[in-house]
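Everything on this sheet refers to the single structure shown next.
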Amino acid sequence: MIKAKEVLKNKFWIVENEGTRIGTLSLSDDRYILSDSTGTHFCTERQLKKRLGNDLTWTKLEVVEKEEVKEVNNFPTSCTPYNAMYDVKRRLPLFTKSDKSKSLYCAGYYIIRFDKGWVKSFCPKLITVERYETKGPFKTDIEMRQELSRANK
């Protein structure tokens, strides 16, 4: 049995006969390009079936989306975290937004006291948390909102 395993969606396949690779197949405009041990052949779909046989089966490409982890120490982050670490002294989950960045962000939800009062914040910069009075980190928006209402009383 001959199989065409899809590698690039609707563009490129590996052709196998009972698990053994016998060639590659690509699609260019309306013609297939079959490359096997006998050379390169330009075929229509009809010619391709004649060349490989009517028992040719096509397998679709299975795209498995990998879910990105967007958290540090079980605290949510606004983006994919890089250089994740935990500051034990201040009890803060920290990360950077890119591999080479030097700006540290705090994972989770916080409330920060500015001159005008308490405000909510998601993944603030570490320097902001150091400069102002803060409460957090909180794992959920609801926890943060409850603490914000307590702080505003």
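Taken together, the values in this text are just the output of simple stated rules run on the coordinates, not laboratory data. What you are looking at is a predicted structure, and each value in this text was computed from that prediction instead of being measured. Cβ coordinates were reconstructed from backbone atoms using ideal geometry, including for glycine residues, and neighbour counts include every protein chain displayed.
The fewest-to-most ranking of 58, 13 by surrounding Cβ atoms within 10 Å reads 58, 13. With a Förster radius of 35 Å applied to the C-beta separation of residue 24 and residue 100, the computed FRET efficiency comes to 0.35. Fully extending the segment from residue 141 to residue 50, taken as 0.36 nm per residue of separation minus the present Cα-Cα distance, adds 26.6 nm. When you filter the GluC sites (Glu not before Pro) in segment 1-67 for DSSP loop state and at most 15 other Cβ atoms inside 10 Å of their Cβ, you are left with 18, 62, 65, 67.
Backbone N atoms of segment 93-124 closer than 17 Å to the 7 Å Cα→Cβ label point of residue 66 belong to residues 99. Post the alpha-carbon centroid distance, segment 130-153 to segment 92-112, in whole angstrom. That distance is 17 Å.
Under 5 Å between amide hydrogens, built in the peptide plane, is the criterion, and for residue 71 it picks out 77 among residues at least 5 positions away or on other chains. Taking amide hydrogens as placed 1.01 Å from N in the peptide plane, the amide H of residue 107 sits under 5 Å from those of 94, 95, each at least 5 positions away in sequence or on another chain.
Qualifying trypsin sites (Lys or Arg not before Pro) in segment 1-59, where qualification requires a DSSP coil assignment and no more than 13 other C-beta atoms within 10 Å, comprise 9, 11. Calculated from the structure at hand, Cα Rg over 2.2 N^0.38 Å is found among (1) 1.05; (2) 1.01; (3) 1.89 as (3). Sorting the segments 86-93, 70-77 by their mean number of nearby beta carbons within 10 angstrom, highest to lowest, gives 70-77, 86-93. Along segment 37-50 the Karplus relation, 6.51 cos²θ - 1.76 cosθ + 1.60 evaluated at θ = phi - 60°, assigns HN-Hα couplings of 5, 8, x, 10, 10, 9, 9, 7, 4, 5, 5, 5, 5, 5 Hz to successive residues, with x for each Gly and Pro. Computed from phi, the 3J(HN,Hα) profile of segment 124-141 under the Karplus parametrisation 6.51, -1.76, 1.60 (θ = phi - 60°) reads x, 5, 4, 4, 5, 5, 6, 7, 10, 6, 9, 10, x, x, 10, 7, 10, 5 Hz, with x in place of Gly and Pro. Entry note, the chain: the mean residue ellipticity at 222 nm calculated from DSSP H runs of n ≥ 4, each adding -39500 (n - 2.57), is -4500 deg cm²/dmol after division by the residues and rounding to the nearest 500. With R₀ fixed at 35 Å, the C-beta to C-beta distance from residue 115 to residue 80 puts the FRET efficiency at about 0.55.
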